[in-house]
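Heads up, the thing below is written out as structure tokens.
What follows draws every value from the coordinates through simple rules; no lab data is involved. If you're wondering where the values come from, they're calculated on a predicted model, not measured in any experiment. Note that each Cβ is placed from the backbone with ideal geometry, even for glycine, and that neighbours are counted across all protein chains shown.
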Amino acid sequence: MGLPEERGRSGGGSGVREEAGARSRGRSWSPPPEVSRSAHVPSLQRYRELHRRSLEEPREFWGDIAKEFYWKTPCPGPFLQYNFDMTKGKIFIEWMKGATTNVCYNVLDRIVYEKKLGDKVAFYWEGNEPEETTQITYRELLVQVCHFSNVLRKQGICKGDRVAIYMPMIPELVVAMLACARLGALHSIVFAGFSSESLCERILDSSCSLLITTDAFYRGEKLVNLKELADEALEKCREKGFPVRCCIVVKHLGRAELGTGDSPSQSPPIKRPCPDVQISWNEGVDMWWHELMQEAGDECEPEWCDAEDPLFILYTSGSTGKPKGVVHTVGGYMLYVATTFKYVFDFHAEDVFWCTADIGWITGHSYVTYGPLANGATSVLFEGIPTYPDMSRLWSIVDKYKVTKFYTAPTAIRLLMKFGDEPVTRHSRASLQVLGTVGEPINPEAWLWYHRVVGAQRCPIVDTFWQTETGGHMLTPLPGATPMKPGSATFPFFGVAPAVLNESGEELEGEAEGYLVFKQPWPGIMRTVYGNHERFETTYFKKFPGYYVTGDGCRRDQDGYYWITGRIDDMLNVSGHLLSTAEVESALVEHEAVAEAAVVGHPHPVKGECLYCFVTLCDGHTFSSTLTEELKKQIREKIGPIATPDYIQNAPSLPKTRSGKIMRRVLRKIAQNDHDLGDVSTVADPSVITQLFNHRCLTIQ
Ligand code: WTA
């Protein structure tokens, strides 16, 4: 593995960064005084004091925060114990071990009964169609969750069991995940844009005993027959000797048939005429959500869990190609997402918060469900996409619900930027106070547009750097305290001790560029890879003993600001979603025509980075547009639409070192038609390079 500057992400982030860099570099934006005035952290000095305390006295700092939550039994022993150093033994992190609580109780019962916020709206649900809306209060959500917990209990789900969830952004998704949390069962949510193959792989990896899914849904104009994909996944599981015994199906598109009513277990009305979606039904396995809910009782005692019991599994791409089941635990995760939500978005009781991420990703877990609910916040839950029915959908929703804090991804900002200011300025957006971004480095051009047009120059932007593995924000401005620099995630959150290392693992001081690592545990850090603790240790702790290694490169400037430079492993970041080159390559070589494949990232104006694939065909096969279409389809089916390549190039052979290693660095240059290849003396056959330059793909296919 080379240094970040050599092996840095080839994608748009760094490239695009340069364009606006000259203009914005050096310029910083102070927090607006009207935000600072009422902020929890009103100045940089106050941030520094709190940050120092959080590192020097982590047990006291987090202990004070823990007091705001409900604990069935307090922490009997040490508040924190850990080992980050593989040379000293097994890696482990334990916060509040022995204390017992329940996350669902804390985010619902505590809010309803202790905080007396039962009538407060938990979610405004906005469907794919603007006229499909409903809202649900904390009390109603609690009732639904209790009902569904009883449903799961009746199906034999117990503490420690794994439940797979494959659903669009509908209220039942939140109900399902919280019901699992109430029972101490681990939810494993699989993004509804993933393929049946990906779902099957994840069900098998954590041997889920039950699947919760939906009949079908619309994403913009596109109908997704989710039940069909779920059926295929379960069929594949069966073939592999793992029959899932129960599949609970929410009638979402077919809701209109159910009628409406004011019972909280009733679902929101769907006004769009229901198309003729053919749902196949497996007797003995499939069950309708609404039928089970009718029979279920509305009281359900939570299962009291140890702070260190697992709360959920969420899969993220691994550089070997096989996804890793990231495990988060009850106590630490709850504390960390609640605290980051409160400070990073400077949450106040009257806020209406909106995170546009799908719950299928960690951003949705932490900042659609757990973080906002733990604070008793009102949020928007949005099923649709930013471009449907038109380019101004997001801003019309902002006005409709008077959204105060808005959190999205750079890819969405870049997409909307292309359509100019008018779709934004058509709406008032007067309610907006804080804007946020997550998922990849935001190029200053997009940052400035977000700030000037969307936020009308008055809203601070929190550029939050974090990972599925970290549970919550790691580097981020605080809206009332931190002067912002466009493109920089600025400073560490409370409890976070970043360092920049060189290739030899030495900590660099002052202005520096290198590997971004963290020196001590924060409560939200993942505890293990499900079923493979060794992989957890080798992925995050082996390279530099004593540190958690993020896999990202970063630069620290003269003012101590952190700038993420991108992945330094074989990972790609497409529209803010991590993919490994290995998983895309293995999907390609599974096609009978493909002998070998190499995938690299390529700059893309909206996605940040897109996939550029080189394929070597088997004898007897010819390269054609039919074949590239087949390969794309294959990737969509194996992984999901997010992994669809933009370019597939015929590569009669690939540049390799003498030991046979594919030289991706060279392939990235070829994809970009950059002839400045650096040292290519290790290439076994240099003529391969000329041949590939001559056959570059010139347009997106
Ligand atoms: C990247 C998403 C720069 C980074 C929450 C990280 C970012 C990976 C930022 C994790 C940001 C996320 N600036 N890069 N603000 N946020 N990343 O696990 O490469 O889906 O390692 O978690 O996204 O992606 P993941």
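Overview of results
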quantity: Span-rule helices in the chain, defined as complete DSSP H runs reaching 15 Å or more along the axis (Cα) with Kyte mean at least 1.0; calculated: 171-183
quantity: The range 592-615-the range 438-456 distance, computed between alpha-carbon centres (Å); calculated: 27 Å
quantity: Inter-label distance for residue 634 and residue 52, nm, one decimal - labels placed 7 Å from Cα along Cα-to-Cβ; calculated: 6.0 nm
quantity: Partner lysines for residue 669 [C-alpha distance under 20 Å; skip if fewer than 8 residues away on the same chain]; calculated: 607, 656, 661
quantity: Radius 15 Å from Cβ of residue 623, net charge of other residues (Lys, Arg +1; Asp, Glu -1); calculated: -3
quantity: Segment residue 28-residue 595, extension gain: residue separation times 0.36 nm, minus the distance between their alpha carbons; calculated: 199.0 nm
quantity: FRET efficiency, residue 685 to residue 350 (Cβ-Cβ, R0 45 Å, nearest 0.05); calculated: 0.10
quantity: Potential lengthening between residue 64 and residue 675 on full extension [0.36 nm per residue; Cα-Cα distance subtracted]; calculated: 214.2 nm
quantity: Debye log10 I(q)/I(0) for the chain, one point scatterer per Cα, at q = 0.06, 0.08, 0.09, 0.11 Å⁻¹; calculated: -0.33, -0.60, -0.77, -1.21
quantity: 37 °C / 0.692 mPa s Stokes-Einstein diffusion coefficient of the range 627-676, Kirkwood radius on C-alpha pairs, µm²/s; calculated: 258 µm²/s
quantity: Sequence ranges 423-431, 325-333, 397-405, ranked by mean other-Cβ count within 10 angstrom, highest first; calculated: 325-333, 397-405, 423-431
quantity: Highest-first arrangement of 114-123, 186-195, where packing means the average Cβ count within 10 Å; calculated: 186-195, 114-123
quantity: Peptides ranked, highest mean first, by Cβ atoms within 10 Å: ranges 305-312, 104-111, 585-592, 244-251; calculated: 104-111, 305-312, 244-251, 585-592
quantity: The range 124-185 shape via C-alpha gyration tensor axes, a/c threshold 1.5; calculated: prolate
quantity: For the chain, with +1 on Lys and Arg beta carbons and -1 on Asp and Glu, the positive-most of 191, 247, 344 along the dipole; calculated: 344
quantity: Three-way shape label, the range 281-321, alpha-carbon gyration tensor, a/c 1.5; calculated: oblate
quantity: Dipole of the chain, positive end: most advanced residue of 550, 502, 281 [Cβ charges, Cα centre]; calculated: 502
quantity: Anisotropy class of the range 527-614 from Cα gyration tensor, a/c 1.5 cut; calculated: oblate
quantity: The chain, dipole about Cα centre (Lys/Arg Cβ +1, Asp/Glu Cβ -1), debye to the nearest 20; calculated: 1140 debye
quantity: Extension reserve of the residue 623-residue 653 stretch, reckoned as 0.36 nm per residue once the Cα distance is removed; calculated: 9.5 nm
quantity: The range 183-221: GluC sites (Glu not before Pro) in DSSP coil with no more than 13 other Cβ atoms inside 10 Å; calculated: 221
quantity: Label-to-label distance, nm, for residues given as residue 644 and residue 519 (7 Å Cα→Cβ offset); calculated: 4.7 nm
